[in-house]
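To start, the structure under review is shown below, and the notes come after it.
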Amino acid sequence: LNGCSLSDTVTVTVKPLPVKPVAGINTPICAGETLNFTVATSTSGVSWSWSGPGSYSSTSQNPSITNTTTAMSGDYIVAAILNGCDRKDTATALIKPLPAPVTASNNGPVCAGDTLKIFSTASTGGAAYSWTGPNGLFANTQNSFVTGATTAATGWYRLTVDLNGCTVKDSTNAIVHPIPATPVVSYSNPMCVGETLQLNASTVPGATYAWTGVGGYNANTQNPTRSNMQFGDTGTYSVTATANGCTSPAGSVKVNI
């Protein structure tokens, strides 16, 4: 001032920025799966700060979120921080919804030769259904069936419901019982009028028996009798064996006196 001066000094420090980080994410995933983040930079000594939907925050370099929901979809921003200076990158997460849970069932137990039906409750609209089961069964409908089922159709039927790559599953165990063998029938031959008829059926394991005969005759034991036989009681006597709700073809014999 007017040829006179005063001076002072200020020290300025310009801190370096870290190299821009590169963020990664395992997306898209399905609800309930784990969301994994990754980030890297060539600058050493940095600290990390993640932020995202639902007030999410983390200071880990590579954090994870378990048991995800669709509400966690969105942009996740990560900052690489060096001496108070930071650079950022963004990773966008897409968490797809699961289809609605289903319950699989069947109309068993059924008998060999019947139609085995397998059912599923309805899932989310637009979902695809896929069944697999014994004997190479494959079906892509909500409900399916096996006509003329054999005992080889017994087993687990597994259902997968897919919605945009996200799946739910259930299974049902079906039983197809065999038809019992036809009983071999015999009777107390020869017979005279007034004698007792002794009917015999071969043994079918676990079975109950149903006999029918002349004059409205019926019995439910394996080897029944009919006393005081008369000429009018002659004719055909038949028996079926029933096991596990399945009934055999009838075995029969013609009784003569």
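The values are calculated or read from the model by the stated rules, or taken from the named source; none is laboratory data. The shown structure was predicted, so the numbers you read here are calculated from the model rather than taken from an experiment. Glycine gets a Cβ as well: all are built from the backbone with ideal geometry, and neighbour counts include every protein chain shown. The accessibility values were calculated without ligands, DNA or RNA, using every heavy atom of the protein model including side chains. Shrake-Rupley method; radii C 1.70, N 1.55, O 1.52, S 1.80 Å.
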### Query
Tally time: how many residues in the stretch 34-49 are over 24 Å from residue 97 (Cβ atoms), touching a residue at least 24 places away in the same chain (Cβ under 8 Å) and either of a type in the set (A, V, I, L, M) or open to solvent by 70 Å² or more (accessible area, probe 1.4 Å) (or both)?
4
### Task
Among the residues of the stretch 215-257, count how many are in contact with a Lys or Arg (Cβ under 9 Å, 6 or more places away or on another chain), over 23 Å from residue 203 (Cα atoms) and aliphatic (A, V, I, L, M).
0
## Note on the structure
Of the residues in the stretch 1-19, those that are touching a residue at least 24 places away in the same chain (Cβ under 8 Å) and open to solvent by less than 90 Å² (accessible area, probe 1.4 Å) number 3
### Message
Could you check the stretch 68-124 and list, in sequence order, the residues that are in a strand (DSSP E or B) and acidic (Asp, Glu)?
### Response
75, 86, 89
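Okay, residues lined up against (1) farther than 15 Å from residue 190 by Cα; (2) in contact (Cβ under 8 Å) with a residue 24 or more places away in the chain; (3) open to solvent by less than 70 Å² (accessible area, probe 1.4 Å):
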residue	(1), (2), (3)
209	yes, yes, yes
212	yes, yes, no
217	yes, no, yes
226	no, yes, yes
234	no, no, yes
238	yes, yes, yes
245	yes, yes, yes
248	yes, yes, yes
256	no, yes, no
### Task
Out of the residues in the stretch 153-176 that are within 14 Å of residue 107 (Cβ to Cβ) and of a type outside the set (A, V, I, L, M, F, W, C), state the one that is surrounded by the most Cβ atoms within 10 Å (Cβ to Cβ).
157
### Message
Looking only at the stretch 50-75, filter to residues that are open to solvent by less than 50 Å² (accessible area, probe 1.4 Å) and polar (S, T, N, Q); which one of those is nearest to residue 88 (Cα to Cα)?
### Response
58
### Query
Does residue 150 fit the bill of being touching a strand residue (DSSP E or B) at 6+ places or on another chain (Cβ under 7 Å), surrounded by fewer than 17 Cβ atoms within 10 Å (Cβ to Cβ) and within 30 Å of residue 70 (Cβ to Cβ)?
no
### Query
When you scan the stretch 13-58 for strands (runs of 3 or more DSSP E) that lie fully inside it, which ones turn up with 3 or more residues that are within 37 Å of the chain's Cα centre (by Cα)?
35-40
### Message
When you check residue 181 against the structure, is it assigned to a loop (DSSP other than H, G, I, E, B), modelled with pLDDT of 95 or more, touching a Leu at 6+ places or on another chain (Cβ under 6 Å) and buried (at least 16 other Cβ atoms within 10 Å of the Cβ), yes or no?
### Response
no
